[in-house]
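The next block holds one structure in the form of structure tokens; read it before the comments.
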Amino acid sequence: MKHEPIYYGSYLELDKLLDAQNPMSKKNGKEAHDETLFIIIHQAYELWFKQIIHEIDSIYDIFSNKTIAPEQISLVNHRLARVNEIQRVLNAQMKIIETMTPMDFMDFRDYLIPASGFQSIQFRTIELKLGLREKQRTTMAKKFFNSRLSEEDKEYLKSLENSPTLLELVDKWLSRMPFTETDNFDFWKSYKDAVEKMLTADKDLIKKNTTLNEMQQMIELKNLEATKESFDILFDKEKYNSLLENDDLKLSQKAKLSAIFISLYRHEPVFQLPYRLINHLIEIDELFTQWRYNHAIMVHRMLGTKIGTGGSSGHDYLKKAADNNKIFSDFFDMATFLIPNAYLPKLPENLKVNLGFMHE
Ligand code: HEM
């Protein structure tokens, strides 16, 4: 061996790690048994947050390149899958803290004021790097957590707020996708025709449905009109961009169209990696939203309607954040624009060759 033999404990720096659980209740004279659990569970979360940031940073670097090779996308997928697995562990861990009763929590809770999860810089870092912008947060959130942070942390988070997000980098990558227009094929024209046929067939079905009374029929036709309006917005650059500016949409029109095309033809070999990538991003949002709900429910059980140590309305604020703080919601909404296989335009042979593995 060229290097010095290493010892398990020193490699993992366990002296530091295991010396970092110092309950405030003990310092104040009467140790509360459950405070050790409270500290360890937060530390375990912060360690996993660190690993998630490590993965996101590497993915971020790959997407910052002007061109991205297919094997790089495989690597991105591999790392996003890892993030998703870590998130599953994070979600499951919430049960451990629920073994602490509200009364046991009260034995040391007051020592924590004014510290709170609001000050988890790594949690904010994950949100910011993925693409959650300050303007998207609820007014209450903006008011509270900035006022509770040290100047240094505020500066750091501000610098992230001004850097490109993973969502923006993925948007640029998707916007560069070719394939939808070739010399002999205009996909979006064929798609619009297919949508028109599908909506006409849906309208006929509603009108012929004798199990609906007049009122129910009217409601269904109105809903169908709303779906048609969504399709119209998708192709109307001006309307689309005004929703984008208003933050009602997050993906550019070009990126959204590419993502829809990838989903419609996901079985084509060339689209399998991008399709998996989009689904990993959807899963990140889904699993974080589940985490937020689990945390909010746990907080309800632990605090009732008391305010948090960070000064928010507690359970009520957290529930709103769960509804509000999604990042990849445009990928979820994409399902609106998927059409049944029977209506799907057939791709021309020369294009299919470019999308496949078979070469002359
Ligand atoms: C007894 C257990 C817990 C209670 C009662 C609790 C309570 C709260 C409350 C009330 C808030 C809102 C901010 C405030 O006013 O303080 C909050 C935010 C937060 N907590 Fe917890 N929490 C607990 C455990 C945890 C654990 C184990 C984690 C893991 C890291 C965590 C992470 C966070 C994060 C990241 C936020 C900010 C969420 C956001 O602003 O979207 N909490 N917590």
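Values quoted throughout were computed directly from the atomic coordinates according to the rules given, and no laboratory measurement underlies them. Predicted model only: the values in this text are computed from it and were never measured. Neighbour counts are summed over all protein chains in view; Cβ atoms, including those assigned to glycine, are modelled from backbone coordinates with ideal geometry.
Order 345-351, 249-255, 39-45 from most to least packed using the mean count of other Cβ atoms within 10 Å. It would help to have the intermediate numbers written out before the result.
Values: 345-351: 13.4, 249-255: 20.4, 39-45: 15.0.
The most tightly packed comes first, giving 249-255, 39-45, 345-351.
In whole Hz, what ³J(HN,Hα) sequence does region 40-50 give by Karplus (6.51, -1.76, 1.60; θ = phi - 60°), x for Gly and Pro?
5, 5, 5, 5, 4, 4, 5, 5, 5, 4, 4
I need the phi-derived Karplus couplings for region 95-102: 6.51 cos²θ - 1.76 cosθ + 1.60, θ = phi - 60°, integer Hz, Gly and Pro marked x.
The phi angles translate into 4, 5, 5, 6, 6, 8, 8, x Hz.
Using the scaling law 2.2 N^0.38 Å as the reference, what is the normalised Cα Rg of region 35-101?
1.46
If you build the Cα gyration tensor of region 20-167 and take the root of 5 times each eigenvalue, what three semi-axes come out, in whole angstrom, biggest first?
Working through the eigenvalues yields semi-axes of 34, 20, 12 Å.
Could you work out the pair-distance distribution P(r) of region 195-317 from its alpha-carbon pairs, with 5 angstrom bin width and percents rounded to whole numbers?
2, 9, 11, 10, 11, 13, 13, 13, 11, 5, 2, 0
Need one number: nm distance between label points at Glu161 and Asp236, each 7 Å from Cα along Cα→Cβ, rounded to one decimal.
Distance between label points: 3.3 nm.
If each of His78 and Val270 carries a label point 7 Å out from its Cα toward its Cβ, how far apart are those two points in nm?
Result for the modelled spin labels: 2.5 nm.
Let me have the 222 nm mean residue ellipticity of the chain computed from DSSP H runs of 4+ only, each contributing -39500 (n - 2.57), with the sum over all residues rounded to the nearest 500. Could the numbers behind the result be given before it?
Details: 18 runs with 237 residues, N = 360.
Result for the chain, helices only: -21000 deg cm²/dmol.
Run the Debye formula on the Cα coordinates of the chain, all scatterers equal and no solvent, and tell me log10 I(q)/I(0) at q = 0.09, 0.13 1/Å.
-0.67, -1.14
So how much slack lies between Asp248 and Arg88, counting 0.36 nm per residue of separation and subtracting their Cα-Cα distance, in nm?
Using 0.36 nm per residue and subtracting the Cα-Cα distance, I get 54.7 nm.
Of the residues Phe261, Phe49, Phe187, which exhibits the maximal mean-square fluctuation in a Gaussian network model of the chain defined by a 10 Å Cα contact cut-off?
Phe187
Distance check, please: which entries in Lys172/Lys250; Lys172/Lys237; Lys158/Lys326; Lys254/Lys346; Lys203/Lys237 exceed 24 angstrom between their Cα atoms?
From the list (Lys172/Lys250; Lys172/Lys237; Lys158/Lys326; Lys254/Lys346; Lys203/Lys237), the Cα-Cα distance tops 24 Å for Lys203/Lys237.
May I ask you to list the residues of region 160-192 whose amide nitrogen lies under 14 Å from a point 7 Å from Cα along the Cα→beta-carbon direction of Asp202?
Correct set: 192.
Between Asp333 and Met103, what FRET efficiency comes out of the Förster formula 1/(1 + (r/R0)^6) with R0 = 45 Å and r the beta carbon distance, rounded to 0.05?
0.55
Would you mind putting 14-26, 295-307 in packing order, based on average other-beta-carbon counts within 10 Å, highest first?
In descending order of packing, they fall as 295-307, 14-26.
If the only charges are +1 at each Lys and Arg Cβ and -1 at each Asp and Glu Cβ, what is the size of the charge dipole of the chain around the Cα centre, to the nearest 20 debye?
Numbers: 47 positive and 53 negative charges, 74 e Å.
Using Cβ point charges on Lys, Arg, Asp and Glu, the chain gives about 360 debye.
Given points 7 Å out from each Cα along the Cα-Cβ axis, report the Ser313 to Lys135 separation in nanometres with one decimal.
2.5 nm
Quick one: net charge of Gln21's neighbours, Cβ under 14 Å, K/R +1, D/E -1?
Residues close to Gln21 contribute a combined charge of -3.
Set the Förster distance to 51 Å, then compute FRET efficiency between Ser64 and Lys30 from the Cβ-Cβ distance, nearest 0.05. Write down the numbers at each step before the final one.
On the way: r = 52 Å, r/R0 = 1.02.
Working from the Cβ atoms, E equals 0.45.
Which percent of the Cα-Cα distances in region 212-280 go past 18 Å?
Of all Cα-Cα pairs in region 212-280, 56 percent lie more than 18 Å apart.
So, by mean Cβ neighbours within 10 angstrom, what's the order for 278-290, 52-64 with the highest one leading?
Peptide ranking by packing, descending: 278-290, 52-64.
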